[in-house]
Amino acid sequence: MINDSVYYSKNKSDKFVRDMLSSSCEVLGGTENFEFEHHMGSFCISFSGGIIRAKKFKKYWQAYKNSDVRPVVIKRGELELSRMLKRCVSSPDNFRSLYDLTRASMYIKDNPAVLDEIIKLSRSPDNKTFKGFSFSDISQKVVSKYLHNSASLTGVESFNADLEDLGALDVYYAQSVEDYFNFIFSSIVNGAAVSGSLRATINEEFATSFLELFIKGSPIHLSAIFLHRLGLPLIKLDGLYRGAFIVRDVEVIAGELAPEEGEAFRRLLYARPFGCDTLFGWKRAAFERGLI
């Protein structure tokens with residue numbers, strides 16, 4: 001089962017379809033969703049013959065009523081669908097998503113070098129609608145948990161530091177885990193002695209912080225860049241419209257598509273800019289309340 005609310009990336013579709021159809025899982029979704037309650041995204045789901053023949057499955061579709069009211073569609077078309085499917089499967093293990101949190105976690109563990117691209121693969125921290133991944137959040141965790149004289153790290157000895165003192169602080173540019181490690185390594189007294197432990201700690205903090213963001217909300221909206229790198233060919237066409245993407249995110253995804261797809265993908269996404277910037281009156285009010 002697929003729907004037309006997503007863009008299908010050519011260079012990843014063949015393997016995705018093979019994986020979905022060859023699985024022995026009774027109900028296998030493309031993605032999972034953590035909004036409202038844990039459920040399966042309805043963009044692409046494969047069902048075993050036993051599920052399709054189940055009375056509960058047939059009854060659900062016979063009673064299903066179409067609607068263009070978004071909350072109703074989500075309730076009937078995703079939440080109720082997942083609840084019904086959970087009642088149909090023979091065991092909890094037979095209801096899962098191909099690109100779930102476990103797959104994301106294993107990919108990072110098996111490909112530690114991907115951490116150096118974590119900023120590129122994450123939704124932008126400039127996104128005002130949804131929280132993004134940032135080095136600032138990692139810094140706060142590292143400082144509070146591991147650097148026992150964090151004030152001396154920055155040269156600020158008091159919460160009442162003068163603005164002149166703050167202006168004299170050194171500023172470091174970091175866009176990768178390696179950059180950040182080098183910054184911390186050069187800033188602490190015993191850097192050489194704890195180099196190996198420090199690197200492992202920083203890698204762990206980056207990975208867990210990223211995965212914590214992954215399970216907030218709808219990953220297909222909020223972790224689209226990472227999921228596409230992982231192999232998911234589905235990209236939500238309303239990503240920019242809903243505020244889940246910003247222009248930077250669209251450009252990153254377009255850059256990873258086949259050359260002939262990039263222009264078409266951009267046109268589709270840019271044809272539906274962020275609703276809060278383009279809608280007015282009752283449409284704006286309805287959009288902000290999630291009705292359209």
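The values are calculated or read from the model by the stated rules, or taken from the named source; none is laboratory data. All figures in this text were calculated on a predicted structure; none of them were measured in a lab. When we count neighbours, we look across all protein chains shown, and the Cβ atoms used for this are built from the backbone with ideal geometry, even at glycine.
Points to keep in mind about this one:
- Residue list for segment 62-100, filter: crowded, with 19+ Cβ neighbours inside 10 Å, more than 16 Å from Ser22 (Cα to Cα) and in contact with a Ser or Thr (Cβ under 7 Å, 6 or more places away or on another chain): Glu78, Leu81
- Residues satisfying the stated conditions in segment 170-198, i.e. surrounded by fewer than 11 Cβ atoms within 10 Å (Cβ to Cβ) and either over 25 Å from the mean Cα position of the chain (by Cα) or in a helix (DSSP H, G or I) (or both): Asp170, Val171, Ser186, Val189, Asn190, Ala192, Ala193, Gly196, Ser197
- Any pair with Cβ under 6 angstrom, 6 or more apart, that starts in segment 205-228 at a residue that is closer than 17 Å to His39 by Cβ and without any contact (Cβ under 8 Å) to a residue 60 or more places away in the chain and ends at one that is β-branched (Val, Ile, Thr) and surrounded by fewer than 24 Cβ atoms within 10 Å (Cβ to Cβ): none
- Put simply, of Lys55, Lys59, Lys15 the only residue that is in the same structural domain as Gly255 (by TED's automatic domain parsing), in contact (Cβ under 8 Å) with a residue 12 or more places away in the chain and surrounded by fewer than 14 Cβ atoms within 10 Å (Cβ to Cβ) is Lys15.
- When we screen Thr201, Thr208, Thr278 for residues that are of a type outside the set (Lys, Arg), surrounded by fewer than 16 Cβ atoms within 10 Å (Cβ to Cβ) and not assigned by TED's automatic domain parsing to the domain that holds Thr31, the only hit is Thr208.
- Filtering Gly275, Gly290 for residues that are at positive phi and under 22 Å from the mean Cα position of the chain (by Cα) leaves a single hit, Gly290.
- Condition check for Pro259: exposed (fewer than 15 other Cβ atoms within 10 Å of the Cβ), more than 21 Å from the chain's Cα centre (by Cα) and of a type outside the set (Ser, Thr, Tyr): yes
- Any chance Ser22 is of a type in the set (Ser, Thr, Tyr), more than 24 Å from the chain's Cα centre (by Cα), surrounded by fewer than 18 Cβ atoms within 10 Å (Cβ to Cβ) and under 19 Å from Pro233 (Cα atoms): yes
- Number of positions in segment 34-57 that are of a type outside the set (Gly, Ala, Ser) and under 19 Å from Tyr8 (Cβ atoms): 4
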